[in-house]
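Every number in this text was worked out from the coordinates using simple rules, so none of it is lab data. It should be emphasised that the depicted structure is a prediction, and the values quoted were computed from it without experimental measurement. When we count neighbours, we look across all protein chains shown, and the Cβ atoms used for this are built from the backbone with ideal geometry, even at glycine.
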Ligand SMILES: NC(=O)c1ccc[n+]([C@@H]2O[C@H](COP(=O)([O-])OP(=O)(O)OC[C@H]3O[C@@H](n4cnc5c(N)ncnc54)[C@H](O)[C@@H]3O)[C@@H](O)[C@H]2O)c1
Ligand SMILES: [Zn+2]
Ligand SMILES: [Zn+2]
């Protein structure tokens with residue numbers, strides 16, 4: 001099969017032939033029909049993820065058709081249309097027993113712990129625990145975003161962030177995760193302040209329901225600007241980029257007893273960043289993390305998509321072939337994109 005491969009961190013990736021994957025006894029292989037380019041792929045390529053061994057095939061946000069099934073899989077057959085949370089849980093550890101598959105103790109992640117979906121086929125573990133059926137009427141490009149950024153934003157806003165109607169929600173960074181969060185928070189009845197440095201990203205945020213759009217290029221104090229716009233601060237604020245600047249701005253954006261949710265990965269292997277803890281104490285802030293979303297939590301989100309309340313299809317702004325991935329990864333380090341880029345691994349052969 002054809003796949004995107006990198007041999008060294010940060011050096012140009014290549015597209016070449018590699019052996020097809022085989023399913024584990026508890027796993028499946030999926031023919032990848034669409035796979036999203038997420039900033040986590042860029043972090044992996046830059047060497048920020050200690051799970052990656054070289055050479056490596058990135059890609060973790062995918063949808064496709066089950067191709068082959070391991071002997072121990074009971075719930076899935078070749079031909080099934082599926083997506084998968086990028087955190088593939090084991091189904092049997094303490095976290096899984098508690099229903100917290102998104103933080104499984106023995107998780108695997110395509111595109112990080114093993115070869116991923118920037119390829120024509122991908123192997124996925126523990127299929128009975130992790131696969132999610134994609135409805136017939138949903139396109140694969142739309143379904144791909146449910147494998148990572150849209151589902152991650154859903155959990156970050158609804159479950160970890162506990163959004164409520166009428167609250168102010170600040171979203172720092174309006175890329176794939178942030179725009180999804182804007183749409184989900186607005187659909188929950190919140191008033192959203194979208195924060196970005198890209199006018200194109202903010203145009204999309206407005207289209208997806210943001211009440212206020214704040215271009216912070218050249219703004220000396222983003223947190224103060226958000227507090228001004230929201231009459232004292234947001235109830236909930238997300239760092240949906242992942243940087244020392246956006247993390248501190250998000251925490252600084254909050255009113256008393258507000259909730260900060262860190263979704264963006266920090267640009268280093270340690271993932272550490274300074275947080276203004278004096279403010280967290282004095283204002284009784286909550287500092288939370290959010291990590292993907294378990295397969296069993298998908299049905300309420302899928303129902304909101306089915307009924308048209310949530311429109312992940314609108315997030316997709318471009319589709320590229322596998323050959324376009326090396327340059328697209330490179331571009332993520334420089335200028336910001338806008339919306340979600342989806343890869344079609346079969347576009348040369350269709
Ligand atoms: N926690 C999880 O489970 C999880 C899941 C998916 C992605 N992520 C992480 O979430 C982050 C976002 O991913 P993405 O694919 O949406 O990224 P993206 O590249 O699509 O979007 C990032 C956005 O941030 C904006 N930005 C840049 N500098 C800014 C600044 N100073 N202030 C405000 N905005 C700024 C960019 O213009 C862009 O619109 C990444 O770190 C990714 O690794 C985490
Ligand atoms: Zn587990
Ligand atoms: Zn992702």
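Before moving on, here are some points about what is shown:
- Counted by neighbouring Cβ atoms within 10 Å, the residues 230, 35, 83 run from fewest to most as 230, 83, 35.
- Residue exposure proxy: 126, 235, 291, ordered by other Cβ atoms within 10 angstrom of their Cβ from fewest to most, comes out as 291, 235, 126.
- Only helices enter the 222 nm calculation for the chain: every DSSP H run of n ≥ 4 contributes -39,500 (n - 2.57), and dividing by all residues gives -6500 deg cm²/dmol, rounded to 500.
- 140, 9, 208 arranged by Cβ crowding within 10 Å, fewest neighbours leading: 9, 140, 208
- Look at the alpha carbon pairs under 8 Å that are at least 6 residues apart: their mean separation over the length of the chain gives a relative contact order of 18 percent.
- Each part reduced to its alpha carbon centroid, region 307-350 and region 82-136 end up 22 Å apart.
- Rg/Rh ratio calculated on Cα atoms of the chain (Kirkwood radius): 0.96
- Globularity index of region 197-237, i.e. its alpha-carbon radius of gyration over 2.2 N^0.38 Å: 1.18
- Dimensionless Rg ratio for region 252-350, taking C-alpha atoms and the 2.2 N^0.38 Å reference: 1.51
- Fraction of antiparallel bridges per DSSP, the chain only, in percent to nearest 5: 50 percent
- Region 189-221 and region 137-160 have Cα centres spaced 21 Å apart.
- Prolate/oblate/rounded label for region 166-304 (Cα gyration tensor, a/c 1.5): rounded
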